[in-house]
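Asks: Supplied in structure tokens, the structure appears directly below.
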Amino acid sequence: MKSTFDIMSLVRENVKALSPYRSARDEFQGEAAISLDANENPFDHQTLNRYPDPYQGKLKKKISALKDVEESYIFLGNGSDEAIDLLIRAFCEPRKDSILIFTPTYGMYQISADINAVETVEVPLKSDFQIDLEKALEVNAKLSFICSPNNPTGNDMDTDKVEFILRESKGLVIVDEAYIDFSKRESWTKRLEEFPNLIVLQTFSKAYGMAAIRLGMAFANAEIIDILNKIKPPYNVNGLTQNFALEALDDEETVRQDIYMILRERAAMEDTLKEIQAVKKIYPSEANFLLVEIDRARELYRHLAGKGIVVRDRSKQVRDALRITIGTPEENKILLEAIKKFFA
Ligand SMILES: *Cc1c(COP(=O)(O)O)cnc(C)c1O
């Protein structure tokens, strides 16, 4: 256990000194009989007239049981994209500190860093899309973002390599598990006690099928969670989202079935793609998409788009690569037929 890790020494000076906005609902604990503190409309037409719980207590309780993580170790955000932005804002001094990313990877790390005038250092993944440890160790970054399973390559990062970075890094290590529900491996949330510098991101936008409600999670030791709470907008997760998620999370069976279907469809799509001559390589995937190296990738991408079938052109990141999200059986069939026809 690395209990000597000093989180506070990593926090930005102005954030350290900050006292957070105290919302009306922060100051009073318990059930108020009469709430005349927040300038709300008192007439309750659709149970939406009151500000929502700023710390999402009920929802955290449910997520705590679902994910087997203590409530004080959970931060909820307006998508996990909000957690990415808040982490950079909490820990990185603009024009001074940097973040480390392993490319090709999810675009928002760099975008958030750019918005916050924080430098991004890129270490390219090796040809097997695993982390280049030697090069990673040369970088001294406040935050290292490891996406696993990685978007857009689809693979999980080797556990021993992630562990090595967690042990050697002087900064915080964020493991973005947006696609963990499709992967066979265990979540890094199981190892939060072991690594006080570990932050795990997950989301309800992918396997859980709730991208529209914007709800993401960050899991980390309570000290880090407290810092995020200090700088977040007071009501960052709105009441509709909290209520909707509370109900939806009772139905674990639907998510399980969806994941099962998507994984079955992924295997079927892989089989069909393999039969197409123009397909040069299908990268191994632990996610709900396939990265495919294919002849005339960019041209094919445009052709498909013209037919109303939108995939992701990743040929600038990986040679001749398209990233194809697994759709419904009908959608997948139409896509595959269109690809076959293009090359016929
Ligand atoms: C989709 C995605 C997210 C974004 O999740 P939201 O919760 O919808 O903001 C985060 N990380 C990765 C790698 C993703 O692919």
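The values are calculated or read from the model by the stated rules, or taken from the named source; none is laboratory data. Computed from a predicted structure; not experimentally measured. As a convention, Cβ positions derive from the backbone with ideal geometry for all residues, glycine included, and neighbour counts pool all protein chains shown. Protein only, heavy atoms only, side chains kept; ligands, DNA and RNA dropped before computing areas. Shrake-Rupley method; radii C 1.70, N 1.55, O 1.52, S 1.80 Å.
Asks: In segment 109-194, which GluC sites (Glu not before Pro) are in a loop and have at most 16 other Cβ atoms within 10 Å, using DSSP for the loop call?
Replies: Numbers: sites: Glu119, Glu122, Glu134, Glu138, Glu163, Glu168, Glu177, Glu186, Glu193, Glu194; in loops: Glu138, Glu177, Glu186, Glu193, Glu194.
The qualifying sites are Glu138, Glu186, Glu193, Glu194.
Asks: I've got another one for you. Looking at the P(r) of segment 44-142, how many percent of alpha-carbon pairs lie beyond 17 Å?
Replies: 65 percent
Asks: Let me ask something else about it. For segment 314-327, in order, what is each residue's ³J(HN,Hα) by Karplus, 6.51 cos²θ - 1.76 cosθ + 1.60 with θ = phi - 60°, in whole Hz (x at glycine and Pro)?
Replies: 10, 5, 6, 8, 10, 3, 6, 9, 10, 9, 10, 6, 6, x
Asks: Could you report segment 39-156's accessible area per residue, 1.4 Å probe, as an integer in Å²?
Replies: On a per-residue basis, 47 Å².
Asks: Using amide H atoms built in the peptide plane, which far-off residues or other-chain residues are under 5 Å from Ser144 H to H?
Replies: It is Leu100, Leu172, Val173, Ile174, by chain and number.
Asks: So, one more: Along the Cα→Cβ direction, 7 angstrom out, place labels at Ile34 and Ala65. What is the inter-label distance in nm?
Replies: Here the modelled spin labels are 3.6 nm apart.
Asks: As a test of the formula, what do you get for the chain when each DSSP H run with n ≥ 4 contributes -39,500 (n - 2.57) and the sum is divided by the residue count, at 222 nm and rounded to the nearest 500 deg cm²/dmol?
Replies: On the way: 12 runs with 122 residues, N = 344.
Computed mean residue ellipticity for the chain: -10500 deg cm²/dmol.
Asks: Starting from segment 232-305, pick out the GluC sites (Glu not before Pro) whose DSSP state is loop and whose Cβ has at most 13 other Cβ atoms within 10 Å. The partial results should precede the final answer.
Replies: On the way: sites: Glu247, Glu252, Glu253, Glu265, Glu270, Glu275, Glu286, Glu293, Glu299; in loops: Glu275, Glu286.
In loop regions of segment 232-305 (DSSP not H, G, I, E or B), the sparsely surrounded GluC sites (Glu not before Pro) are Glu275.
Asks: Relative contact order for the chain: what is it in percent, counting Cα pairs under 8 Å that are at least 6 residues apart?
Replies: Details: 563 pairs, mean separation 58.7, N = 344.
Rounded, it is 17 percent for the chain.
Asks: Follow-up question, since we're still on this one. Thr159: accessible area at probe 1.4 Å, nearest 10 Å²?
Replies: Surface open to solvent at Thr159 totals about 70 Å².
Asks: In whole percent, how big is the carbon plus sulfur part of the accessible area of the chain, probe 1.4 Å, protein atoms only? All intermediate terms of the calculation are to be shown ahead of the outcome.
Replies: On the way: 8600 of 17470 Å².
Reported share for carbon and sulfur atoms: 49 percent.
Asks: Using 0.36 nm times the number of residues separating Thr328 and Ser72, minus their current alpha carbon distance, what extension gain do you get?
Replies: On the way: separation 256, 0.36 × 256 = 92.16 nm, distance 3.77 nm.
Taking 0.36 nm per residue and subtracting the Cα distance, the gain is 88.4 nm.
Asks: Further, regarding this structure: For segment 276-338 and segment 90-157, what is the separation of their C-alpha centers, rounded to whole Å?
Replies: Taking the Cα centre of segment 90-157 as reference, the centre of segment 276-338 is 25 Å away.
Asks: Set the Förster distance to 35 Å, then compute FRET efficiency between Ala268 and Asp158 from the Cβ-Cβ distance, nearest 0.05.
Replies: The value I calculate is 0.80.
Asks: Largest first, how would Phe244, Phe102, Phe43 line up by accessible area (1.4 Å probe)? Walk me through the numbers on the way to the answer.
Replies: Details: Phe244 110, Phe102 5, Phe43 140 Å².
If we order Phe244, Phe102, Phe43 from most to least accessible, we get Phe43, Phe244, Phe102.
Asks: Follow-up. How long are the three semi-axes of the equivalent ellipsoid of the chain, in whole Å, if each is the root of 5 times an eigenvalue of the C-alpha gyration tensor, listed from largest down?
Replies: Numbers: eigenvalues 271, 143, 62 Å².
Equivalent-ellipsoid dimensions as semi-axes: 37, 27, 18 Å.
Asks: Let me ask you something else. Relative to the Cα centre, what is the charge dipole magnitude of the chain, using +1 at the beta carbon of each Lys and Arg, -1 at the beta carbon of each Asp and Glu, and rounding to the nearest 20 debye? Mind showing how you got there, number by number?
Replies: Values: 46 positive and 56 negative charges, 198 e Å.
For the chain, the charge dipole is close to 960 debye.
Asks: Go through Lys62/Lys206; Lys62/Lys184; Lys96/Lys230; Lys58/Lys142; Lys67/Lys280 and tell me which ones have a Cα-Cα distance over 27 Å in this structure. Kindly include the intermediate steps, with their values, before the conclusion.
Replies: Working: Lys62/Lys206 19 Å; Lys62/Lys184 23 Å; Lys96/Lys230 22 Å; Lys58/Lys142 33 Å; Lys67/Lys280 39 Å.
Beyond 27 Å between Cα atoms: Lys58/Lys142; Lys67/Lys280.
Asks: Further question: For segment 1-84, which trypsin sites (Lys or Arg not before Pro) are both in a DSSP coil and crowded by at most 12 other Cβ atoms within 10 Å? Don't skip to the answer; put the middle values down first.
Replies: Working: sites: Lys2, Arg12, Lys16, Arg22, Arg25, Arg50, Lys58, Lys60, Lys61, Lys62, Lys67; in loops: Lys2, Arg12, Arg22, Arg50.
Of the trypsin sites (Lys or Arg not before Pro), the ones in loops of segment 1-84 whose Cβ has at most 12 other Cβ atoms within 10 Å are Lys2, Arg22.
Asks: Would you list which lysines come within 17 Å of Lys307, measuring only between C-alpha atoms, while excluding same-chain residues fewer than 8 positions from it?
Replies: Result set, ordered by chain and number: Lys333, Lys340, Lys341.
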